[in-house]
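*Asks:* Please see the structure below; I have some questions.
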Amino acid sequence: MLRSVEITVQLSGLPTGEGFHNVHWQERLELSLDCFVCQRTGRTTFFRYGQEQALCSADEKYPEHPTAARIAAFDVTDERERTTLRAVVDYWWAPFHDEKRDRTATALSSPPWVRLYLGYYCPRARQAGAFGIQTNVSRPLHEICSHCDRPLAISKEAPAIRLLV
């Protein structure tokens, strides 16, 4: 059955003026899902916007493999000192039992986990950089430029994950 998950996250404290680093969302994410292809629960699944399928991370028994999932929407709202991302992920799900973990699959892994990626450009060093935002870290989280140590953004709340269908 087709399921949809909405992921929303907001970052604030984006510097302007001299401290501007052009922080931007990268069109990729990782999400913990139950994979009916390899019949394993809680698999890290890799997504890129525009690709028709995602990749299940696999384990020692099953190599990385395509799975029936994709980013259906990737909407960014940029305001003066904050940026908001809303992504919708569609994926196929079927009931199964994970023999290795002795767990029954669920429509959304519990607890759900997501990692989102951002890029930036340091004007002082004239180099690009990147960082990630994920659900399982303490907040508030202050991101700093790896080149000049200037503040980039503040993550006050973990990304929200909501099952739509």
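*Asks:* From the list R40, R103, R28, exactly one residue is in contact (Cβ under 8 Å) with a residue 60 or more places away in the chain, touching a strand residue (DSSP E or B) at 6+ places or on another chain (Cβ under 6 Å) and within 26 Å of A128 (Cβ to Cβ). Which is it?
*Replies:* R28
*Asks:* So, one more: Name the residue that is nearest to P151 (Cα to Cα), counting only residues in region 66-84 that are open to solvent by 20 Å² or more (accessible area, probe 1.4 Å), modelled with pLDDT of 95 or more and of a type outside the set (A, V, I, L, M, F, W, C).
*Replies:* Among those that are open to solvent by 20 Å² or more (accessible area, probe 1.4 Å), modelled with pLDDT of 95 or more and of a type outside the set (A, V, I, L, M, F, W, C), it is T84.
*Asks:* Regarding region 97-112, can at least one residue be identified that is open to solvent by less than 20 Å² (accessible area, probe 1.4 Å) and at pLDDT 95 or above?
*Replies:* For region 97-112, residues open to solvent by less than 20 Å² (accessible area, probe 1.4 Å) and at pLDDT 95 or above: absent.
*Asks:* Could you list all residues from region 149-164 that are assigned to a strand (DSSP E or B), under 17 Å from the mean Cα position of the chain (by Cα) and surrounded by 15 or more Cβ atoms within 10 Å (Cβ to Cβ)? Reasoning before the result, please.
*Replies:* Here is the first cut: in region 149-164, the ones assigned to a strand (DSSP E or B) are 151-155, 160-163.
Still in the list and also under 17 Å from the mean Cα position of the chain (by Cα): 153-155, 160-163.
Those that are assigned to a strand (DSSP E or B), under 17 Å from the mean Cα position of the chain (by Cα) and surrounded by 15 or more Cβ atoms within 10 Å (Cβ to Cβ): A153, I154, S155, I161.
*Asks:* Please determine, by comparing only the residues of region 121-145 that are among the β-branched types (V, I, T) and without any contact (Cβ under 8 Å) to a residue 60 or more places away in the chain, which one is surrounded by the fewest Cβ atoms within 10 Å (Cβ to Cβ). Before you say what the answer is, go through the steps one by one.
*Replies:* From region 121-145, those among the β-branched types (V, I, T) are 133, 135, 137, 144; that's our starting set.
Checking the rest, the ones that are also without any contact (Cβ under 8 Å) to a residue 60 or more places away in the chain come to 135, 137, 144.
On the way: T135: 19, V137: 11, I144: 13.
In this case the residue turns out to be V137.
*Asks:* Here is a further query. All but one of (1) modelled with pLDDT under 95; (2) more than 15 Å from A87 (Cα to Cα) hold for R3, so report the exception by its number.
*Replies:* Evaluating R3 over (1) modelled with pLDDT under 95; (2) more than 15 Å from A87 (Cα to Cα) leaves (2) as the failure.
The values are calculated or read from the model by the stated rules, or taken from the named source; none is laboratory data. No experiment lies behind these values; they were computed from the predicted model shown. Don't worry about glycine lacking a Cβ; one is built from the backbone with ideal geometry, like all the others, and counts go over all protein chains shown. For accessibility, only protein heavy atoms count, side chains too; no ligands or nucleic acids. Shrake-Rupley method; radii C 1.70, N 1.55, O 1.52, S 1.80 Å.
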